[in-house]
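This report refers to the structure that appears directly beneath it.
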Amino acid sequence: MSTTPAIPTVTLNNGIAMPQLGFGVFQVPDEETTAAVATALDAGYRSIDTAAIYGNERGVGRALADSGIARDELFVTTKLWNADQGHDATLAAFDASLDKLGLDHVDLYLIHWPTPARDLYLDTWRALEKLYADGRTRAIGVSNFQPAHLERLLAGASVVPAVNQIELHPGLQQQELRAFHARHGIATEAWSPLAQGAVLGDDAVTAIAARHGKSPAQVVLRWHLQIGNVVIPKSVTEARIRENLDVLDFELSAQELDALTAADRGLRTGPDPDTLN
């Protein structure tokens, strides 16, 4: 097995250390997931992000079981799908995810979308608080929650979400939401960190990449790390899986960070959290 790079961590609001750079398996078919996760673990990733709706929790579980890596060295995240929101349905869905993963606990459990028109996320959150209190997940959080959703959740919550996983990349920087997170001690985690490739041709990105002898994707991932985001790039290509981890040996200057900040243009590649149900 390869030597594990010194991946930085962020300390969540309950004191748990979460790797700042992890491996996502969105849109990876279950039959390909085991090999992809095995490659990622061999490369040095220790944080794996999946979700019930991805249909590949079993594939993740097989790779984890086959890896021989101690459970306490791994950080496993999964997410509750919209159709399973509500207190009792959430508890049942969590049991199903845990069974597919072949684990006795996860490290982070997230509500995948707020689905505001269904108006179930407060009851759902109470179920997550129970799972957390029972030690079945080491941390709980949300995904795709906007400030208004978070305000309402916090008004009735006993536990502040540890993480909000949101679409975030240089083309969609979510400044207001990140500021909200900072005020409330919520870690920002970026999905679609490369905007599905849409930001990789930006002039600022390509110029910085040429200057550092890195790929545009590596520059964008480095940007995420330096501004404090947790980031979970996805790939099924071994070379790219390893390349995405090779971002710890260079640093962007303040001027380069400013140039990337200027690339924000409100480019959303995924659904709008206010309307998805």
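Which peptide among 87-95, 184-192 comes first, and what is the full order, when sorted by highest mean count of other Cβ atoms within 10 Å? Could you put the intermediate results ahead of the total?
On the way: 87-95: 16.8, 184-192: 21.7.
Top to bottom by mean Cβ count within 10 Å: 184-192, 87-95.
Taking the Cα centre of region 1-83 as the origin and placing charges on Cβ (Lys, Arg +1; Asp, Glu -1), which of G44, T11, F75 is farthest toward the positive end of the dipole?
So the residue furthest toward the plus end is T11.
Give me the percent of accessible area attributable to carbon and sulfur for region 1-93, probe 1.4 angstrom.
52 percent
Just the number please: accessible area per residue for region 148-188, 1.4 Å probe, all protein chains included, in Å².
Accessible area per residue: 37 Å².
Please report, in Å, the Rg and the Dmax of region 60-113, where both are computed over Cα atoms only.
Spelled out, the Cα radius of gyration and Dmax of region 60-113 are 11.9, 36 Å.
Roughly what percent of Cα-Cα pairs across region 60-191 reach past 18 Å? All intermediate terms of the calculation are to be shown ahead of the outcome.
On the way: 4597 of 8646 pairs.
Every Cα pair in region 60-191 considered, those over 18 Å come to 53 percent.
First compute the accessible area of region 205-277 with a 1.4 Å probe, then give the percent of it belonging to carbon and sulfur atoms. Could you put the intermediate results ahead of the total?
Numbers: 1630 of 3390 Å².
Ligands and nucleic acids excluded, carbon and sulfur reach 48 percent.
Using only the C-alpha atoms of region 154-277, find the volume of their convex hull and express it per residue in Å³. List each step's numbers first, then the result.
Values: hull volume 16.1 nm³, N = 124.
Each residue corresponds to 130 Å³ of Cα convex hull volume.
Could you give the accessible area per residue of region 1-130, probe 1.4 Å, as a whole number in Å²?
Details: 4970 Å² over 130 residues.
That works out to 38 Å² for each residue.
So for the pair A65, D104, with labels modelled 7 Å out along Cα→Cβ, what separation do we get in nm?
The answer from the label model is 1.6 nm.
Kirkwood hydrodynamic radius for region 9-95: how many Å is it when counted over pairs of different Cα atoms?
On the way: mean 1/r = 0.0726 Å⁻¹.
Result for region 9-95, one decimal place: 13.8 Å.
Rg over Rh of region 109-176, using C-alpha atoms and the Kirkwood radius, what does it come to?
Values: Rg = 12.3 Å, Rh = 12.5 Å.
With Rg and the Kirkwood Rh in hand, the quotient comes to 0.98.
Pairs of lysines 8 or more apart, or on different chains, with alpha carbons under 20 Å: count those in the chain, would you?
Lysine pairs satisfying the spacing and distance rule in the chain number 4.
Taking the convex hull of the alpha carbon atoms in the chain, what volume per residue do you get, in Å³?
On the way: hull volume 32.5 nm³, N = 277.
Measuring per residue, one finds 117 Å³ for the Cα hull of the chain.
Please calculate the 1.4 Å probe accessible area of S158, with all protein chains present, and give it to the nearest 10 Å².
100 Å²
Once the other residues with Cβ under 15 Å from the Cβ of T261 are scored (Lys, Arg +1; Asp, Glu -1), what is the net sum?
Working: positive: R178, R222, R265; negative: E176, D202, D203, E256, D258, D264.
Counting the neighbours of T261, the net charge comes to -3.
Nearest 20 debye, what's the magnitude of the dipole of the chain about its Cα centre given +1 on Lys and Arg Cβ and -1 on Asp and Glu Cβ? Walk me through the intermediate numbers first.
Values: 22 positive and 35 negative charges, 47 e Å.
Computed charge dipole of the chain: roughly 220 debye.
To the nearest 20 debye, what charge dipole does region 1-102 have about its Cα centre, counting +1 at the Cβ of each Lys and Arg and -1 at the Cβ of each Asp and Glu?
Working: 6 positive and 13 negative charges, 46 e Å.
Around 220 debye, computed over region 1-102.
If you place +1 on the Cβ of every Lys and Arg, -1 on the Cβ of every Asp and Glu, and leave all else neutral, what size is the dipole of region 141-258 about its Cα centre, to the nearest 20 Debye? Can you show the working numbers first?
On the way: 9 positive and 13 negative charges, 51 e Å.
For region 141-258, the charge dipole is close to 240 debye.
Name the long-range amide H neighbours of G24: under 5 Å, sequence gap of 5 or more, or other chain; modelled H, no Pro or chain starts.
D49, K234, S235
The values are calculated or read from the model by the stated rules, or taken from the named source; none is laboratory data. Only a predicted model underlies this, so the values are computations on that prediction, with no experimental measurement involved. Note that we place each Cβ from the backbone using ideal geometry, even for glycine, and neighbour counts take in every protein chain shown. Note: areas computed on protein heavy atoms with side chains; ligands, DNA, RNA excluded. Shrake-Rupley method; radii C 1.70, N 1.55, O 1.52, S 1.80 Å.
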